[in-house]
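The values are calculated or read from the model by the stated rules, or taken from the named source; none is laboratory data. Note that the coordinates shown come from a computational prediction; the quantities given were computed from them, not determined experimentally. Here the Cβ positions follow ideal geometry from the backbone for every residue, glycine too, while neighbour counts run over all protein chains shown. Note: areas computed on protein heavy atoms with side chains; ligands, DNA, RNA excluded. Shrake-Rupley method; radii C 1.70, N 1.55, O 1.52, S 1.80 Å.
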Amino acid sequence: MTVPDSWVASGVVLLVLLAAAWYVRYVRWGRCRRLMARIPGPPGVPVLGNLLDLLHYREDIMDAFQVYHERYGSVVKAWIGPYYGVSVTDPRDIAVILNGRNILSKPIIYKPFTMVLGDSLLAADKETWKKFRKIMAPTLSIQVINDYISTFNEKCQAMTYQLEIHSQNLPFDVVNYTIKCFLEMVTETTMGVPMNNEGMNQKHFLTNLPKIVDILTYLIVSPWFWSTATFKFTQLYQTLMSLLRPVRDFVALIVKQKTSSYSYTSEEVISYEESDTNTSKQRQGFLDHMVATLSKKPGLFTVQQMIDQALLIVAAATDTSGYTVAHTLMLLGLHQDVQEKVFKEQEDIFGKDINRPVTVNDLNQMVYLEQVINESQRLYPTVPFVGRLLDDEISIDGYILPPGAIVIIPIFLVHKDPAYYPDPHVFDPERFNKENGASRPACSFIPFSSGRRMCLGRSYAYMAMKTMLSVMLRRFKILEYGSREDMDTFKFNFFLKLVNGYNIKIGPRNF
Ligand code: HEM
């Protein structure tokens with residue numbers, strides 16, 4: 001009797017599947033368990049792992065990282081059900097992870113972001129990320145951003161006029177002003193759409209975004225929602241969607257205004273890859289370039305994906321920069337000697353002119369101001385964690401981390417390592433002068449992360465933040481108010497947020 005070919009084929013497939021299952025179960029998982037067992041960390045209970053620890057520290061997740069790193073050292077493991085993770089604080093190990101050419105995937109804890117930001121760079125899978133990063137990276141290059149300086153000046157001047165009502169010595173929360181100003185800057189520059197255009201209502205964006213961030217933060221510390229399928233059955237999902245709708249509509253309107261006002265022939269479309277000799281006039285900002293690319297290569301991506309990326313740029317630029325400037329202003333109020341040094345630098349550049357617009361050349365001369373911003377970001381990094389998913393095994397600090405491991409980098413702890421920052425809680429901008437900065441390993445200061453998947457808007461952020469601070473500090477003096485203890489209590493709200501708010505006092509600057 002002969003056996004039909006289809007039976008043989010089915011038998012072979014079955015054998016291959018069984019072998020694969022055996023490999024996963026006993027070889028890969030077994031090896032993974034053995035490798036993870038060698039890494040120190042809080043003991044877990046069967047099946048749930050460290051879920052109870054997570055629930056215990058849910059509201060103060062940053063405390064958990066601090067406690068466990070103090071107890072177990074610079075590499076700490078934890079696991080929850082099928083997910084296993086490692087937190088790493090040594091800059092040399094961080095360099096292996098963030099600067100590793102192929103460590104580009106984001107772990108499942110970023111999944112909730114896809115409900116809000118779709119296929120945007122922040123949480124996209126590796127292949128989608130590569131495609132969009134290549135298209136978007138040139139649109140935030142220094143040459144492009146240099147052209148934005150007049151908009152930065154205009155928006156920051158307008159903000160300082162609004163702040164005049166506070167120059168009567170009464171404290172006020174400055175962060176709403178800085179965030180709103182960065183929102184206006186980023187939409188007008190990267191999207192090329194002025195905020196005063198008809199129909200542009202930033203109100204929902206500004207009021208809804210913090211509530212959306214609250215929900216996302218809750219999801220990050222709720223492992224049962226990481227896959228998001230279960231979350232979609234909850235009332236909170238409906239709330240998230242209703243908050244999201246006006247925010248996405250706001251960005252969709254920006255995109256629509258751009259697409260409808262744009263008509264060009266394919267010759268006008270500038271390909272960054274094709275032309276090395278682009279003048280700044282030829283170089284396009286983010287949205288122009290996306291629209292142009294799509295018209296040149298229809299089908300390369302969808303309009304929805306363009307909206308996803310636009311929403312990410314706007315969201316990524318506003319809160320991060322707004323909080324960083326607010327921290328810096330608070331610290332300058334508490335450290336009058338540092339403020340005087342910053343002001344002296346401004347006087348050297350601008351003389352007694354409080355109104356002269358900032359130029360790119362001026363920004364390059366604001367070396368001490370940049371040191372101050374860096375020290376502020378060291379103490380209060382607005383993005384306190386970044387994560388990666390390992391696709392392959394890597395070795396750090398004598399341990400082998402298995403594929404599938406979630407690696408978390410608690411930036412706020414990395415920045416307080418006394419080995420690189422003696423008296424780590426002291427505010428001292430001299431840590432970032434040329435000499436001191438050069439003596440530390442690169443990944444000891446990573447407010448924008450590091451490597452191929454680091455922040456795309458780093459240069460934009462520095463130029464915009466320095467312009468804002470220059471315009472403000474020439475007009476106002478930040479008066480002494482409150483104490484450093486007021487800034488000691490912060491919490492993880494995707495961003496690092498001060499619990500007591502961002503209160504400062506300002507007075508007119510007397511020349
Ligand atoms: C002080 C201000 C800012 C800080 C501290 C900051 C920090 C960060 C951090 C830590 C990441 C995650 C990187 C990683 O996963 O390794 C990130 C991603 C990103 N940021 Fe920023 N950012 C700031 C301002 C901006 C601005 C102004 C823009 C745009 C104009 C921007 C656009 C982006 C984008 C597009 C990503 C995703 C990058 C990718 O995954 O390829 N950011 N940022």
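Key figures for this structure:
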| read-out | value |
| --- | --- |
| Angle between the chain longest axis and helix 303-334 axis [Cα atoms, degrees, rounded to 10] | 50 |
| Rounded to 10°, Cα long-axis angle of helix 286-296 versus longest principal axis of the chain | 50 |
| Karplus 3J(HN,Hα) series, Hz, for the range 483-496 with 6.51 cos²θ - 1.76 cosθ + 1.60 (x for Gly, Pro) | 8, 4, 4, 4, 8, 6, 9, 10, 9, 7, 9, 6, 8, 7 |
| Modelled FRET efficiency - R0 25 Å, R452 with R245, Cβ distances, 0.05 increments | 0.15 |
| With every protein chain in place, the range 82-508: carbon and sulfur % of accessible area (1.4 Å) | 54 |
| Pair W29, N176: separation of 7 Å Cα→Cβ label points (nm) | 5.3 |
| Karplus (6.51, -1.76, 1.60) ³J(HN,Hα), θ = phi - 60°, over the range 243-259, in Hz, Gly and Pro reported as x | 6, 6, 3, x, 5, 5, 4, 4, 6, 4, 5, 4, 4, 5, 4, 5, 5 |
| From phi via Karplus (6.51, -1.76, 1.60), per-residue ³J(HN,Hα) for the range 227-242 in Hz, x at Gly/Pro | 6, 6, 4, 5, 4, 5, 8, 9, 5, 4, 5, 4, 4, 4, 5, 6 |
| Relative contact order [Cα under 8 Å, 6+ residues apart], the range 120-199, whole percent | 22 |
| Segment E347-V67, extension gain: residue separation times 0.36 nm, minus the distance between their alpha carbons | 96.3 nm |
| Alpha carbon convex hull of the range 97-166, volume per residue in cubic angstrom | 174 |
| Per residue value of the accessible surface for the range 82-508 (all protein chains in place, 1.4 Å probe), Å² | 40 |
| On Cα atoms only, tilt of 458-475 relative to the major axis of the chain in degrees | 30 |
| Over 21 Å [Cα-Cα, the range 380-470], rounded percent | 45 |
| Linear extension gain, V45 paired with K131, 0.36 nm per residue minus alpha-carbon span | 26.8 nm |
| P(r) of the range 82-508 over all Cα-Cα pairs, binned every 10 Å from zero, in whole percent | 4, 20, 31, 28, 14, 2, 0 |
| Length-normalised contact order of the range 314-415 in % [C-alpha pairs under 8 Å, at least 6 apart] | 25 |
| Residues listed by number, the range 357-392, amide nitrogen under 18 Å from N433 label point at 7 Å toward C-beta | 365-376 |
| Relative contact order for the chain, counting Cα pairs under 8 Å that sit 6 or more residues apart, in percent | 25 |
| Amide proton proximity set for I394, modelled H, under 5 Å, gap of 5+ | L401 |
